[in-house]
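Encoded as C-alpha cells, the structure appears first; notes follow it.
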Amino acid sequence: MDIQSLKTLLEIQAIQTLGSTENSSSDSNSIFSDMISELLGDATTENSAKLSSLLGMSASGTSSFMDQLSSLNGLSEDMQNSALQSLLYKGSNSVFVPASVQAALANTQSSTKLDSYVSDNVIGSTAYANSLAGASQYAAIIEKAAVTYNVPEKLIAAVIKQESNFNPTAESHAGAQGLMQLMPKTAQYLGVTNAFDPEQNIMAGAKYLRQMLDKFDNDPTLALAAYNAGASRVTKYSGIPPFKETQNYVKKVMNYYMV
C-alpha cells in the first residue's frame, strides 16, 4: 500500500471521527494537512481519545506517535510523505490499517465468496454454496470414477472445480491439461491418450487421487496436498508443505468438498 492509500484511510477516519469541515471537498493533500494541523493544534483529552481510537493505539502509544508527527512540520511535502510512511509502517512490511477499517474489511470478507483467499474458519460455510453446480454436466463420468476408485464424488468434483472450473480444454502455463489438470508425464503414467477428453481425464485424476489417499492413510488434506505439490514433498515435510499456493489449494478444495 502506497502513501496515498494510507492518506486516504486516514482521511476517511478523520472525516468520520473529527467531523467534516468546509474544506472537505478539497484535494487529498489539503484534507490530510488540515487533519494533522487540527490534531496537533488542539491536544485536548477528547481529541487524544479520538486519535487513539483512530490509530488503534493505547494512550501512551498515541502520545509517542503525536510527538513524532509534530517533527514533520516544516518539512517539504515529499519529505513528509517519506517520513510519515516510515512512521506508519514502523520499520516493517506491515500495513497500517485503523482498527475500524480492519473490522469493516472483516465484515465484508465474511459475506463474500473467498475465491482469492481462504481463511481456516470458513471450511464448510455457505461461502462455497452452489460452487459445484458445474459438475452436473460430468455427473455420469464422476459417478463412474467414484465407484471405480472408491473416491467420493464430491471430492472429485471439488478438485475439478479448483483445477479447471469445469473447463475441459483448460491448460496451465506449466502444461497441465484438462478438467483435473494432469501433467503430461502423469497422464502418460495413468494411461491417458487425450488429456482433453473429459472421461479419460476424470478417470485418471480420480485414480491418482486414490493412489494419494492410499499413500497418506486416507487423509484427504494430505492427498490433496500431494495432488498439488507432489507426494515427495508431503513426505518430506510430514504434512502439507509450507507453500502458500498448496496450503490455499487444500483449503479451497476442502471448502468445496465440505459445503
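Brief remarks follow.
- Among the residues of the stretch 175-207, the ones that are assigned to a helix (DSSP H, G or I) and either within 19 Å of Q247 (Cα to Cα) or touching a residue at least 24 places away in the same chain (Cβ under 8 Å) (or both) come to 9 in all.
- Scanning the stretch 143-174 for residues that are assigned to a helix (DSSP H, G or I), acidic (D, E) and over 21 Å from the mean Cα position of the chain (by Cα) yields a count of 2.
Residue-by-condition table, conditions (1) crowded, with 21+ Cβ neighbours inside 10 Å; (2) out of contact with any Pro (no Cβ under 9 Å at 6 or more places or on another chain); (3) β-branched (V, I, T):
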| position | (1), (2), (3) |
| --- | --- |
| E143 | no, yes, no |
| T148 | no, yes, yes |
| S172 | no, yes, no |
| L213 | yes, no, no |
| D219 | no, yes, no |
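- With respect to the stated conditions, G191 fails to be surrounded by 15 or more Cβ atoms within 10 Å (Cβ to Cβ) and either modelled with pLDDT of 95 or more or of a type in the set (A, V, I, L, M) (or both).
The values are calculated or read from the model by the stated rules, or taken from the named source; none is laboratory data. What you see is a predicted model; the values in this text were computed from it and never measured. Positions of Cβ are generated from backbone atoms using ideal geometry, with glycine treated the same way; all protein chains shown enter the neighbour counts.
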